[in-house]
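Take a look at the structure below.
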């Protein structure tokens, strides 16, 4: 993503196209016809997000195929979330509103799918327990509940415990679990991960570092280690930057991580904390602006 995509009007155009059907037409190779769609597309071409398709046929194509582009609803919500977060900063408030939590949840749908379809099958013990209908999942920072609901819907019999420090998040997670008909298998708690006191219970834990304040992270990782069964797995996305990123992109990742509360943590520091409480880091996966640590409690 080039620097111009940080421009508020570029984000607005991208979000509007995604929300009103224009982006779906782009992805389907159909021409844009509405005047405002074409104006939005012209701005996105100038920003390097789109390219003109065959000249004269009104079509456009993305310059890069990001995973988030495939789902217009998730794309619209991701943009909405970014704009709402910026608006919070303008207003000088740390309070995360219901709309932002909901948008984060929808935007996390792609992460939930990747977890279920791509990551969990690599974690033999956790996968076996979940597929067998006896597995338990810990969702740290449950938010709108999309990850827990997706996992429970995918594997009937699996159970989830979602914790969050925001009452509004728990209300939305409760609604999502009911919508997915898994409410009886999703337990929700108003709780910080640093205060988690379960022992030898879970087969799999999801802990997005970027939402956990550093003051709570070390205690939280130790609490998750105790809460996992021997042989259980932790999947921990950590905000990170690459040497290949532009200076602006690196600064934007640091800024976003600070606004979300967790800040940017050095990968070596994360490895040290994980090893210090007894985790074995089995593998890391590189994603967009993050490193995903797959760590196991030996058993």
*Give 39, 10, 79 a once-over and let me know the one that is in a helix (DSSP H, G or I), more than 30 Å from residue 242 (Cα to Cα), at pLDDT 80 or above and out of contact with any strand residue (DSSP E or B) (no Cβ under 8 Å at 6 or more places or on another chain).*
39
*In the range 220-245, the residues that are surrounded by fewer than 21 Cβ atoms within 10 Å (Cβ to Cβ), assigned to a loop (DSSP other than H, G, I, E, B) and touching a strand residue (DSSP E or B) at 6+ places or on another chain (Cβ under 9 Å)*: 242
*Just one of 61, 45, 26 is outside the structural domain of residue 261 (by TED's automatic domain parsing) and without any contact (Cβ under 8 Å) to a residue 24 or more places away in the chain; which is it?*
45
*Quick one: residue 114 ticks every box in (1) within 21 Å of residue 287 (Cα to Cα); (2) surrounded by fewer than 19 Cβ atoms within 10 Å (Cβ to Cβ); (3) in contact with a strand residue (DSSP E or B) (Cβ under 6 Å, 6 or more places away or on another chain) bar one, so which box is it?*
(3)
*How many residues does the range 55-76 hold that are touching a strand residue (DSSP E or B) at 6+ places or on another chain (Cβ under 6 Å) and either part of a helix (DSSP H, G or I) or closer than 16 Å to residue 7 by Cα (or both)?*
1
*asked:* Going by what's in this entry, would residue 105 be described as modelled with pLDDT under 95, under 12 Å from the mean Cα position of the chain (by Cα), more than 20 Å from residue 201 (Cα to Cα) and assigned to a loop (DSSP other than H, G, I, E, B)?
replied: no
*Among the candidates 129, 144, 169, single out the residue that is within 17 Å of the chain's Cα centre (by Cα), in contact (Cβ under 8 Å) with a residue 40 or more places away in the chain and assigned to a helix (DSSP H, G or I).*
169
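Per-residue answers, yes or no, for (1) outside any strand (DSSP E or B); (2) free of Cβ contacts under 8 Å to residues at least 12 places away in the same chain; (3) in the same structural domain as residue 271 (by TED's automatic domain parsing); (4) crowded, with 18+ Cβ neighbours inside 10 Å:
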| position | (1), (2), (3), (4) |
| --- | --- |
| 163 | no, no, yes, yes |
| 188 | no, no, yes, yes |
| 198 | yes, no, yes, no |
| 210 | yes, no, yes, yes |
| 218 | yes, no, yes, no |
*Hey, does the range 150-158 have a residue that's within 19 Å of residue 295 (Cα to Cα) and surrounded by fewer than 22 Cβ atoms within 10 Å (Cβ to Cβ)?*
no
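The values are calculated or read from the model by the stated rules, or taken from the named source; none is laboratory data. None of the values given here were measured: they were computed from a predicted structure. Heads up, the Cβs are rebuilt from the backbone with ideal geometry, glycines too, and the neighbour counts pull from every protein chain shown.
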